[in-house]
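Asks: Starting off with a structure, shown below.
The values are calculated or read from the model by the stated rules, or taken from the named source; none is laboratory data. What you are looking at is a predicted structure, and each value in this text was computed from that prediction instead of being measured. Reconstructed Cβ throughout: ideal geometry from the backbone, glycine too, with neighbour counts over all protein chains shown. Side chains included, ligands, DNA and RNA excluded: accessible areas come from the protein's heavy atoms. Shrake-Rupley method; radii C 1.70, N 1.55, O 1.52, S 1.80 Å.
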Amino acid sequence: MTLEFKRLTEVDLMDIVSLNNHPDVLRQMPLGSANFDLAKAKEWVQQKDAQWQQHGYGPWAFLIDQQFAGWGGLQYEDGDADLALVLHPDFWGSGKAIYLEIAERAFTKLGLESITILLPPSRTRIKGIFRLGFQPDGEVEIEGARFLRFRLFAPGKPGPSERV
């Protein structure tokens, strides 16, 4: 498997439209809607790409073996670098490899102390994030939707229960 990270501006907008309208993907995205068209995609990509200038990080497009597999990465969310990972169902088995690369970049290249993941309460199969080291870290509300927040501290950085 060849994994590439590209800026969202470097991929075909129709690939993003197709992914963000896919029914199986929408079931996992409480803030998504099935009317994500080309005009909305263009504005969305501009907003996501602007995070790179504003915060020094932002979402990427993921290509696996030169095929658009999805998007995600680190997004600024109320002071945190929040990890998003939205993959086409054909690539759902590739999530861990992509996550590992994102975490590596977050903690080594960007020097972040922690990253978060926000999951809707409807996501009940979450044992995997605990195996990766994420810890429960409260709840947040975004655009009227409730999310559970989980935090992963950088290797060698103590979590809140370990701090003196």
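Asks: Just the number, please: percent antiparallel of the DSSP beta bridges in the chain, rounded to the nearest 5.
Replies: DSSP beta bridges in the chain are roughly 95 percent antiparallel.
Asks: Additional query: Here are several values of P(r) over Cα pairs in 10 Å bins from 0, in percent: (1) 9, 19, 30, 23, 12, 5, 2, 1, 0; (2) 12, 44, 32, 10, 1; (3) 9, 38, 40, 11, 1, 0. Which one was derived from the coordinates shown?
Replies: So the calculated entry is the one marked (3).
Asks: Still on this structure, please answer the following. Quick one: dipole size for the chain, taken about the Cα centre, charges +1 on Lys/Arg Cβ and -1 on Asp/Glu Cβ, in debye to the nearest 20.
Replies: The calculation lands at about 480 debye.
Asks: Still on this structure, please answer the following. Sorted by accessible area (1.4 Å probe), largest first, how do TYR76, TYR57 line up? Don't skip to the end; give the middle numbers.
Replies: Values: TYR76 100, TYR57 20 Å².
Ranking TYR76, TYR57 by accessible area, largest first, yields TYR76, TYR57.
Asks: Which of LYS109/LYS157; LYS96/LYS157; LYS40/LYS96; LYS6/LYS127; LYS6/LYS109 have a Cα-Cα distance over 19 Å?
Replies: Among LYS109/LYS157; LYS96/LYS157; LYS40/LYS96; LYS6/LYS127; LYS6/LYS109, the Cα-Cα distance tops 19 Å for LYS96/LYS157; LYS40/LYS96; LYS6/LYS127.
Asks: Here's a follow-up. Can you sort ARG105, ARG151, ARG146 by 1.4 Å-probe accessible area, starting with the largest? Don't skip to the answer; put the middle values down first.
Replies: On the way: ARG105 55, ARG151 35, ARG146 120 Å².
The most accessible residue leads, giving ARG146, ARG105, ARG151.
Asks: How much mean residue ellipticity at 222 nm does the chain get from its helices, if each DSSP H run of length 4 or more adds -39500 (n - 2.57) and you divide by all residues, to the nearest 500 deg cm²/dmol?
Replies: Working: 5 runs with 46 residues, N = 164.
The per-residue figure over the chain is -8000 deg cm²/dmol.
Asks: Along the Cα→Cβ direction, 7 angstrom out, place labels at MET1 and GLN135. What is the inter-label distance in nm?
Replies: Distance between the two pseudo-spin positions: 2.9 nm.
Asks: Among PRO120, VAL45, PHE150, whose Cα sits farthest toward the positive end of the charge dipole of the chain (+1 at Cβ of Lys/Arg, -1 at Cβ of Asp/Glu, about the Cα centre)?
Replies: Most positive-ward Cα: PHE150.
Asks: Sequence gap at least 6, Cα distance under 8 Å: using those rules, report the relative contact order of the stretch 1-141 to the nearest whole percent. If you can, show how the numbers build up before the last one.
Replies: On the way: 174 pairs, mean separation 29.5, N = 141.
Worked out over the stretch 1-141, it gives 21 percent.
Asks: Around ILE142, which amide H atoms from residues at least 5 apart in sequence, or from another chain, sit under 5 Å from its own amide H, with H modelled in the peptide plane?
Replies: PHE147
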